[in-house]
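No value in this document is a laboratory result; all are computed from the given coordinates. This is a predicted model, so every value here is computed, not measured. Quick reminder, even Gly has a Cβ in these numbers, built from the backbone with ideal geometry, and neighbours come from all protein chains shown.
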Amino acid sequence: MEKRTIVAMPGDGIGKAVLEECIRVLDAAGFQANYVNGDIGWEFWCKEGNPLPQRTIDLITEHKIALFGAITSKPKDEAFNELAPELREKNLVYASPIVSLRQFFGLDICMRPCRSFIGNPLNFIRRAADGGIEEPKIDVVIFRQNTEGLYGGVEWSNPPKQVYDALMTHPKFKQNFGMHPVEEISVSTRIFSKKYTGRILRASFEHARKFGYKSVTVCEKPNVIRETSGMMYKMAQQIQKNEYPEIQLWNTNIDAQMMWLTKNPEDYGVIVAGNMFGDIASDGFAGLIGGLGFAASAQYNPETGVAVFEPTHGSAPKYADYEVSIVNPIAMIDSAIMMLEFIGEKEIAAKIRTAVAEVVSEGKVRTYDMMKMTGRADVVTKGAASTRQMADAIIEKLK
């Protein structure tokens, strides 16, 4: 069988270390692939003025499947100051390359599973009614609309006249903001479309049906953000009634959800939300299963088959320069498991998932976060596993 080609995009900081170890695990599990490097990240912004070069877009267009490490993003002024001097007169504006990637390829469906591993010392625990300790099993999958909403990029500081005039036609804008000089106003939009709202809702219901989850929860704020959140919930009601009547539809406000996730997280199955609230909810639930070292994600376009798989942690530049990498590679490895399932390599995916679970449960090899240490360069000398040692332990289980 011809080997599949995977676009490997290390990105910035710790992304390089976790992706390298992830590929070692894939190789050890018997996944045969050719990996082609995709340039992305801060280095290419600084020296080329483009953190997502066209050559990387071309690679993903051709091969469709990509593994991504992590990205560094900085505020507007810092981004400008780090540009190569010869690029500073070109009116370049930094944009997150991963957000650009999502929008260019229409990767509107983002799936973020949050499942606890047996034996993980970082699992959420709570006080029981009898005074004892409970450790509820967490098995939540967040579906986050990935291309619209607050991350859509439609925003202005000192908005142009036609935008300002249009905003002034809304009575609440005129009443609450019309007294401010236009140069003192910044505007970010939150735009939902029925097409892509419907796609993320159906993806969440379909996942619930396929894997036996009893409920889908719309986690938004329709009592206040009436047009966008309200549209999503109304569409969810129609889709549930007409297409998925056997699955319960729940509705939570994002603020209340952040309280309830530490009270009764085991009650939730599939959660669906817009871009910002999905980001918040997924980080909240990730905290219950051990933090960002265990938080994986997939983002894909069901029409084109283009998909990018990445951990949800950042580039953690403060760790990137350590002589020995100390970060937990499990989120990256879990993201690769999602990739394998997406392309039909389910046996290899299950094999790796079992190996990861056995290492965590056994408890002999734990990275600094699992040992509740501060992430310093010397944690390996104090008993914490390095990034490579964790990957080695998983590979050993694969044998």
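Packing, as the average of other Cβ atoms within 10 Å across residues, places the peptides 128-141, 249-262, 288-301 in the order 288-301, 249-262, 128-141, highest first.
Mind giving me the FRET efficiency for Met276 and Glu184? R0 is 25 Å, r the Cβ-Cβ distance, nearest 0.05 is fine.
Working: r = 24 Å, r/R0 = 0.96.
The value I calculate is 0.55.
Annotation for region 111-141 versus region 88-108: alpha-carbon center distance of 37 Å.
In terms of distances greater than 26 angstrom between alpha carbons, the cross-link table entries Lys214/Lys346; Lys16/Lys47; Lys64/Lys234; Lys318/Lys397; Lys137/Lys382 yield Lys64/Lys234; Lys318/Lys397; Lys137/Lys382. Relative to the compact-globule estimate of 2.2 N^0.38 Å, the Cα radius of gyration of region 323-399 comes out at 1.15. A helix-only calculation puts the chain at -12000 deg cm²/dmol for mean residue ellipticity at 222 nm, using -39500 (n - 2.57) for each DSSP H run of at least four residues, averaged over all residues.
For Cα extents along the principal axes in Å, the candidate list reads (1) 92, 85, 50; (2) 66, 61, 47; (3) 71, 61, 40; the entry that matches the value derived from this model is (2). The Cα atoms of region 239-320 give a gyration tensor whose axes a ≥ b ≥ c have a/c of 1.5 or more with a/b no greater than b/c, which makes the shape oblate. Charge tally around Ser193: other residues with Cβ under 11 Å, Lys/Arg +1 each, Asp/Glu -1 each, net +1. Spin-label model, Asn91 to Asp165: label points 7 Å out along the Cα-to-beta-carbon direction sit 2.1 nm apart. For Ala128 and Lys346, a Förster radius of 35 Å and the Cβ-Cβ distance give a FRET efficiency of 0.40, rounded to the nearest 0.05.
By DSSP, the beta bridges lying fully in the chain are antiparallel in about 45 percent of cases.
Charges only on Cβ, +1 for Lys and Arg, -1 for Asp and Glu: so what's the dipole of region 1-92 about the Cα centre, in debye to the nearest 20? Walk me through the numbers before you get to the answer.
On the way: 11 positive and 15 negative charges, 43 e Å.
So the magnitude is around 200 debye.
What separates the Cα centres of region 264-311 and region 362-399 is a distance of 24 Å. If you sort the three axes of the alpha carbon gyration tensor as a ≥ b ≥ c, you get a/c of 1.5 or more for region 1-45 and a/b no higher than b/c, which makes it oblate. The overall shape of region 41-183 is oblate: from the C-alpha gyration tensor, with semi-axes ordered a ≥ b ≥ c, the ratio a/c is 1.5 or greater and a/b is no larger than b/c.
Charge dipole (Cα centre; +1 on Lys/Arg Cβ, -1 on Asp/Glu Cβ; no other charges) of region 294-354 amounts to roughly 140 debye.
Dipole orientation for the chain: of the candidates Ile125, Ile348, Asn264, Asn264 has the Cα lying most toward the positive pole (charges on Cβ; Lys, Arg +1; Asp, Glu -1).
Screening the chain for whole DSSP H helices with an alpha carbon extent of at least 15 angstrom along the helix axis and a mean Kyte-Doolittle hydropathy of at least 1.0 yields 330-342. Over region 92-148, with a single point scatterer placed on each C-alpha, what log10 of the ratio I(q)/I(0) does the Debye formula yield at q = 0.13, 0.16, 0.17, 0.27 1/Å? Each listed q corresponds, in turn, to -0.58, -0.68, -0.71, -1.05.
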